[in-house]
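What follows is one structure encoded as structure tokens, with my remarks underneath.
Just so it is clear, none of the values below were taken in a lab; they were calculated from the coordinates. From a predicted model like this one, the values you see are computed outputs, not experimental measurements. Cβ coordinates were reconstructed from backbone atoms using ideal geometry, including for glycine residues, and neighbour counts include every protein chain displayed.
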Amino acid sequence: RYDEELYRKPRWLVLNKLDLLAAEDRQTVCEAVKVGLEWSGPVYAISAINRDGVDQLCHDIMNFLENDESV
């Protein structure tokens, strides 16, 4: 069911398991997903195995939670 209030909330695009792709293909895949989704918000390309990008994602989520008065 569509929820206008939920739709207006901030969202992030998190692309995980990028370490499964060849290093030279990662950026191309990320761009293709963004274009396919017509995404204009924040994008986090992470690898849960070696933690690439995870710290920045966690930091930004915590900042959002600490600064968002509606939470």
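Multiplying the residue separation of LEU21 and ASN67 by 0.36 nm and removing their Cα-Cα distance gives an extension gain of 13.1 nm.
Using alpha-carbon pairs under 8 Å, 6+ residues apart, how would you state the relative contact order of the chain in percent?
32
Close amide H pairs (under 5 Å, H built 1.01 Å from N) link ASP52 with SER47, residues at least 5 positions away or on another chain. Taking amide H as placed 1.01 Å from N in the peptide plane, VAL14 has its amide H under 5 Å from the amide H of TYR44, each at least 5 places away in sequence or on another chain.
Phi-derived couplings, Karplus 6.51 cos²θ - 1.76 cosθ + 1.60 at θ = phi - 60°, listed residue by residue for region 10-21: x, 9, 10, 9, 10, 9, 9, 6, 5, 5, 7, 9 Hz, with x used for Gly and Pro.
Over the chain, DSSP H runs of length four or greater, each weighted -39,500 (n - 2.57), average out per residue to a 222 nm ellipticity of -14500 deg cm²/dmol.
For the pair TYR2 and SER40, a Förster radius of 22 Å applied to the C-beta separation gives a FRET efficiency near 0.65, rounded to the nearest 0.05. Give, in whole angstrom and from largest to smallest, the semi-axes √(5λ) of the equivalent ellipsoid of the chain, with λ running over the eigenvalues of the Cα gyration tensor. Here the semi-axes work out to 25, 17, 9 Å. Applying 0.36 nm per residue to the separation of ALA48 and THR28 and subtracting their alpha-carbon distance, the gain on full extension is 5.2 nm. Specify the inter-centroid distance of region 15-38 and region 40-63, based on alpha-carbon positions, in whole Å. Each part reduced to its Cα centre gives a spacing of 14 Å.
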